[in-house]
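Peer 1: Have a look at the structure that comes next, please.
FYI, it's all coordinate maths here, none of it is from the lab. Treat the numbers as computed from the prediction; the structure is a model and nothing was measured. Don't worry about glycine lacking a Cβ; one is built from the backbone with ideal geometry, like all the others, and counts go over all protein chains shown.
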Amino acid sequence: MPDHSSQSPPARRRAGALSGRTTLPATVGTALVIVFSIALAPGTAGAGTHGDTTLPRRDLLERGLAAYRRVQDVGLLHRRILTVIDYSLPSSQRRLWVIDPERLRVLFHEFVAHGRGSATDEDPDRAVRFGNESETHRSSLGTFLTGETYTGAHGHSLELIGLDPGLNDRAVARRIVMHPAEYVSASFRAQRGGRIGRSWGCPALDPAVAATIIDRIQDGSVVYAASVSPPQPTPPPRAAIARTAKVFHGAAPRFTPARVGAATTRVASQRR
């Protein structure tokens, strides 16, 4: 039965809440124009590519790159990889991309589940509701930082740290993680006419590729999840930002309290 991880990760990262609007650097904007005018040429994807090399739709990719730059600007980026999830697409389509943001190269393009609470019983294939509250079994939108891998109820899994207060900052408390799930596998899809199952809010992956993707994006890369329109977090007071930072403990040296504190102060000043 689709479920979220019943075993919480062994360690939590300290992370500042990211917010504010960011404009893409001119070089990235120019690259986007070129990419979308001629599309990616065959063979530009890496050797580990699954699915195809088509990038996400332009507006979504631009928002994902902006989120990536915000994480980078406040010093929390450790791994230069961007994962984009397009929940506006049905789950019967590949809607998760792992991208090299510097070269705009697709590394993986895969299926991903949404939460049971995000869809209706009449149309379980489409995510139409999103949330940040416990027990809703809904997927969350916004920007996440990847944390550590661990072995949980579903096997090799990856902790996700929500960086948008009011939008996804309860991901750790809700145990929203990336994990493999049989209900996303090729055999399950074949039996269900291409449809995949639903999780309890986690972005679950096909077990055939889950470990490879998780190991590639773990430890300080960016995941950006969106639907039809850009996610709109509620601007947080400084106290909310402080609470977000305090959730995480046992930080590795690159996520020291001093660095996280400085990043949170910068984010807070952008929002005032």
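Peer 1: May I ask for the net charge around D206, where only other residues with Cβ less than 12 Å from the Cβ of D206 are counted and Lys, Arg are +1 while Asp, Glu are -1?
Peer 2: 0
Peer 1: How far apart, in nm, are two points set 7 Å out from the Cα along the Cα-to-Cβ line at R80 and at V128?
Peer 2: Output for this residue pair reads 4.2 nm.
Peer 1: Another one. When the dipole is taken about the Cα centre of the stretch 44-234, and only Lys, Arg (+1) and Asp, Glu (-1) are charged at their Cβ, what size is it in debye, to the nearest 20?
Peer 2: 220 debye
Peer 1: Moving to a separate point now. Give me, ordered by chain and number, the residues 5 or more places off I99 or on other chains with an amide H under 5 Å from its own placed amide H.
Peer 2: When sequence neighbours closer than 5 places are left aside, the close amide H contacts are L82, T83, V84, L107.
Peer 1: With each label point set 7 Å from Cα along the Cα-Cβ vector, what nm distance links T120 and R58?
Peer 2: About 3.2 nm separates the two model spin labels.
Peer 1: For the ranges 175-184, 198-207, what's the packing order if you count other beta-carbon atoms within 10 Å of each residue, average per peptide, and put the highest first?
Peer 2: Highest-to-lowest ranking by the protection proxy: 198-207, 175-184.
Peer 1: Right, next: How far apart, in nanometres, would the label points at D215 and Q72 be if each is projected 7 angstrom from Cα along the Cα-to-Cβ direction?
Peer 2: Placing both labels 7 Å along Cα→Cβ, they lie 2.6 nm apart.
Peer 1: Can I ask one more? Exposure proxy check: R57, R170 ranked by fewest other beta carbons within 10 Å?
Peer 2: R57, R170
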